[in-house]
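Have a look at the structure below before the remarks.
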Amino acid sequence: MNLRQRLDNLPVGRKLLTALLVLLGTLLLMANLTFISAAYWIFQENVAPQTMRSIGQLVASPAMTSEALASPATAQALLERLRGFEPLRAAALYDSNGVSLAQLQLGESLDIPLQMSQLKPWLASEYRSTELISLPQPGKAPGHLLLIASGELPSAFFTGTLSASLLILLISALLWFAISSQSRRLITRPLRRLEELSRRVTLEENYALRAEPGNRDEIGSLAEAFNTMLERIEAREQQLKRARDEAQLASEQARELAEETRRSNRKLELEVQVRGKIEKKLTGFQNYLNSIIDSMPSALIALDEQLFVTQWNQEASRLSGTRMDQALNQPLLLAFPSLKPYQNQLRRCIERHRVEKVERVSWQQNGEQQHYDLTFYPLTGSAGRGVVIRIDDINRRLAMEELLVQSEKMLSVGGLAAGMAHEINNPLGAILHNVQNIRRRLSTELPRNREQAEALQLSLEAINQYLDAREIPALLDGIHQAGSRAAKIVSHMLNFSRRSNRQLLPCDINSLIEQTLEIAGNDFDLTGNLDFRNLLIIRDFDNALPPIPVVGNEIEQVLLNLLKNAAQAIRQRSEQDDPGRITLRTRLKAPWLEIQITDNGVGMSEAVRKRIFEPFYTTKEVGEGTGLGLSLSYFIITNNHKGQLEVQSRPRKGTTFTLRLPLEPPQNLES
C-alpha cells in the first residue's frame, strides 16, 4: 500500500492532525528559507561592501600605502594583516604600473588577474562582492588594492538561525499537542460514538436505539439526522411487516393463478413451436425458390394484375439497372422502362390466359446493341391473376448462327479457291513448258536446230545475236520467273485451302513462318491497299529449334491472321516517318517454343486489348473484318494445340503477340 492509500485510510482526526503537522513544518521551512535568503541578500548588498570599504580606507593612508607598495614582501605582509577580517575572501595589491605585487587567498584559490588591464573583464564575470581601492603615492601613479568578499554567510548567523528554528519547532510541537487533544475531544470521540451506534444497529437490527445529543455543530447535526433516519426506518419496518403479511396472502392467490397460467403457457409454447417449425420450413423453401430464380440465366419478373412487381431476380437487376429492393411493389414501367412498349401484350396475356412471345428485341447495354427474346406466361391461382416475364439473352445464339453462316461461306470460298487453283495449274504448266521448248529450239547445240537452219539457209548464231539485241532471252526469263511464281502461289493456296486432318506432325517452325510470309506477301500484293513489299520484315530466328508437333495448316492460318492485323495497324498510323516494321522472333523456353510477332502500328487501348479475342468483336470498318480472325486463332492455339496466346499493346507504341506451343504433343488433343 502506498503513502496516498495509507493517508486516505486514516481516521478523520488523524487526517486533520497530519494536515496540521504538514502545515506547521511547511511554514517553518519557508520561514527559515526566507530568513536565510534575506540575510544573505543584506550581507552581500550592504554588510560586505561596507566592510570592504572600511578596510580600504584603513589601507589607503599615505604611510601604509608607501610601505605596502615598496616591495612584494611588504605588500604580502600588508595583505597577511588582513587575514583576520571574516568577510574577506581574497585580496590583491597592484603597483603603479598595474602589475600584481602580492595576493592573499583564503580558501580555494581564485584565478585573480596579474595585470590591471585584465581586471575589468574578470570583475564582470565575478559574482562575489568586490571593491577596487585606489592607493595614492606622492609623485607617482597610484597603486590599487582589490578586495573580494566571501560569498558565504558567517557561521554565527547559522548558529543563531538553528537556535531560533529549534525554539520555533518546540513551540509548534506544544501547539500541535494542544490542538490534537482538543480535536480528539470535539471531533474524533463523537464520530466514534456514532460509528459504534451504527454497528450496533446493524448487528442487532434494533432501530429503537438513539444517538446522544451533542454540540450544535456539524457532528451534532449528523447525530440528529442519524436519529431521524432511525425513526423513519423503524416506521418503515412496521409498514413492511404489515405489507409482508398482506403479500403472503396475495402470494397464495398468485400461486394458484400462476399454476393455471403455467398450464396455459405450456399449451401456447407447443403451438408456438409448431408454428415456428412451419415458418422455418416456409422460409427455407422461399429462400430455396429465390436461389433457384436468381441462379437462372434468364431474367424473371412476376407481376400482379395491375402490373406491379411481385418477384425480381438478379438477372432482371442487371438488365434494368434497378435493385430488387427498389423494384418490388413498384409499377413495371418505373422498375424496367424498356418494357413499356409491351404493356398491351402483358395485359392480353393476363386476360386471355395465353402465352405471348416477342422475338429478337434489341436494347442498348453498355453502349452496345444486345438482343433478347421475351416470353409472357399467365399466372392463375388463389393468389390472384398476374403474369411472369422471362427475358432470354440470345446474343450467343445469334453469334453462333452467324459463325455457322460464315463457316459455310469460308468452306465455299475454300472449295472455289481449290478448284480455281487446279484450273490455273494447267495453263501455267503449258506456259512453262512452251518457254522451255522455245529455249531448246533456239539452242545451237541441238543437231535438229542446225539442220533446219541450214535448210532455210539461216545462221543460228545470227538469229541468237538478233534475239540478244532485242532482249528476247530476258523476256523469256521473265515469263519463266512469272510462271514459276504463279505456280508457287497456286501451290501455297492449295496447301492452305486443304482441310486439316487434325494430325500433329513434326514441323520446322522457322520454315513454316517463311512459307506464311510468302503467302502473306502474295496476298498483300493482290489487295493493293496493303503492299507487303513496303514493310520491313525483321527475322530473329533461333536456328537450333527442334521440330515440334503441330497442325501445319492451322498454325499457318494463325500466323497469317496476325501478319494481316500487324500490316493493317501499321497502315492506320497518322505519322509515316518511321517505316513500317514487323519483327518475328522464335525462342526455345522449355517446355514451350515461343513465337513473337511485333509491329510498330497504332497499338490498342486497354479496353480494346481485353476484348480482342471475343467472337465478332472488331474495330475495323464495316466490310473490312468479321471479328473472327483473332477468336479463331485463340481457339486454334489454346484448344487445338494446348498452347498460349498473349498480347501486349500500348497506344501509338505498337503491339506484340506471343504464341507458346508445347514441345511435346498434348495427351488430350481433340480429334
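Any read-out appearing in this document is the output of simple, stated calculations on the displayed coordinates, not a laboratory observation. Nothing here was measured: the structure is a model prediction, and the numbers come from that model. Counting neighbours? That spans all protein chains shown, and the Cβs are built from the backbone with ideal geometry, glycine included.
Could you put M30, M229 in order, starting from the residue whose Cβ has the fewest other Cβ atoms within 10 Å?
Working: M30 10, M229 13.
Ranking M30, M229 by Cβ neighbours within 10 Å, fewest first, gives M30, M229.
Can you tell me the convex hull volume per residue for the stretch 296-393, based on C-alpha atoms, in Å³ to the nearest whole number?
91 Å³
What net charge do the residues around A91 carry, taking every other residue with its C-beta under 13 Å from that of A91, with Lys and Arg at +1 and Asp and Glu at -1?
Details: positive: R81, R83, R89, R128; negative: E80, E131.
Here the count lands on +2.
To make sure I understand, if each residue's beta carbon is the centre and we count other beta carbons within 10 Å, what order do H480, H641, H433 fall in, fewest to most?
On the way: H480 16, H641 24, H433 11.
Exposure proxy ranking, most exposed first: H433, H480, H641.
Straight-line reach from K267: which aspartates and glutamates have Cα under 16 Å away, leaving out those fewer than 8 places along the same chain?
Straight-line reach from K267, under 16 Å: E259.
Can you bin every Cα-Cα distance in the stretch 102-144 into 10 Å intervals starting at zero and give me the percent of pairs per bin, rounded to whole numbers?
Binned Cα distances yield the sequence 21, 52, 23, 4.
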